[in-house]
Amino acid sequence: MSDVQAVSDALAMVAIPTAATADVTTVAVLGVGRVGSAVARAAMKAGYTVTVSASGDPDDIRLLTEIVIPGATPMQAADAARAADLVVLAVPLHKFRTLPADALAGKTVIDSMNYWAPVDGSIDEFDEDPRSTSEIVQEYLAASQVVKSLNHIGYHELEADDRPAGAADRRALGLAGDSDSAKALVAEFIERLGYDSIDAGDLSAGRHFHPGTAVFSGRHTAAEFAAILGGLAGASVPDELGGTVSTSVVGDLVVVV
Ligand SMILES: NC(=O)c1ccc[n+]([C@@H]2O[C@H](COP(=O)([O-])OP(=O)(O)OC[C@H]3O[C@@H](n4cnc5c(N)ncnc54)[C@H](OP(=O)(O)O)[C@@H]3O)[C@@H](O)[C@H]2O)c1
């Protein structure tokens, strides 16, 4: 990558302003395991109407939902996807082709799924494909706008690490996607869950949140997160910008200079 490209990429790492995207009211969480349950509860706490789905009949998860995710509505996955303004994928990655692609058409879809061979076992498709896992998911969900996010926070952390906007120790969550409008929806969702959001770029940049990366392996404020991404870009900053990569946070905006 050229220095110019690297600096350009670094300068592109800004959190998306979240105004004017408040039209998301219903969130469908596909997958009602550890992550899906935590995301669903956090989304309800943030004021969203939440539906939850497993792979089968909603009656199979009705009791679980009442006990573990009270207030959420169990639905068949395809019905939930069609009815939602925003969808969170929280199923094991190797099952992504069982997701209802037709029903997800036109939807903004958060891909929280990880490929982690020590846990999932080795899967040739992901070992041999150089793309980020979310690009592979996007290929399957060709008519959806996939945004990689929520994959690098533990299910047990999501309801503990949230903070009000402006808190000094507020944690940042990354997002990556090819649609700016979809990223704006996801940025607002992340904000309402209690986290700053960092736009890392297009969907291929989701690789920077994969298991084993610095982002995946720690808790980071917005400035720390942006600095990690700036370092990954290998930015060589011109002298007139100070010669080093640094970050500043202005409201919802993280600026990498
Ligand atoms: N563990 C973490 O802290 C963490 C953090 C971030 C991201 N992740 C990622 O999040 C994903 C989910 O992890 P998890 O630990 O929550 O998994 P999990 O506890 O095994 O739960 C998986 C859920 O997905 C459901 N499911 C499977 N296929 C489905 C389909 N086609 N439609 C709707 N639901 C379906 C399962 O329902 P059935 O029982 O009916 O099959 C189950 O409710 C994984 O990709 C993981 O890598 C994990």
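What follows draws every value from the coordinates through simple rules; no lab data is involved. These numbers come from a predicted model, not from an experiment. Neighbour counts run over all protein chains shown; Cβ positions are idealised from the backbone, glycine included.
Report the rotationally averaged projected area of the stretch 118-219 based on its alpha-carbon convex hull, in square nanometres.
7.0 nm²
For Val29, list long-range residues whose amide hydrogen, built 1.01 Å from N in the peptide plane, is under 5 Å from its own amide hydrogen.
Answer set, sorted by chain and number: Thr51, Val52, Ser53, Val88.
How high is the relative contact order of the stretch 19-203, in percent, counting Cα pairs under 8 Å that sit 6 or more residues apart?
20 percent
May I ask you to work out the translational diffusion coefficient for the stretch 19-203 at 37 °C, viscosity 0.692 mPa s, via Stokes-Einstein with Rh from the Kirkwood sum over Cα pairs, reported in whole µm²/s? Intermediate values should be presented prior to the final figure.
Values: Rh = 16.4 Å.
My calculation gives 200 µm²/s for D.
Which of Asp199, Asp23, Asp111 has the fewest other C-beta atoms within 10 Å, and how do the rest follow up to the most? Could the numbers behind the result be given before it?
Details: Asp199 25, Asp23 9, Asp111 30.
Final ranking by Cβ density, sparse to dense: Asp23, Asp199, Asp111.
For a label point 7 angstrom out from the Cα of Glu128 toward its Cβ, which stretches of the stretch 76-117 have the backbone nitrogen within less than 19 Å?
Counting only backbone N, you get 94-97, 115-117.
Based on the Kirkwood radius over alpha-carbon pairs, what value in µm²/s does the Stokes-Einstein equation return for the translational diffusion coefficient of the stretch 59-120 at 10 °C and 1.306 mPa s? Walk me through the intermediate numbers first.
Working: Rh = 13.1 Å.
D = 121 µm²/s.
For Lys107, Lys95, Lys183, what ranking results if the residue with the fewest other Cβ atoms within 10 Å of its Cβ goes first?
Lowest count first: Lys95, Lys107, Lys183.
State the Cα centre-to-centre distance between the stretch 157-177 and the stretch 58-127 in whole Å.
What the calculation gives is 22 Å, centre to centre.
Quick check on the exposure proxy: order Glu191, Glu159 from fewest to most C-beta atoms within 10 angstrom.
Glu159, Glu191
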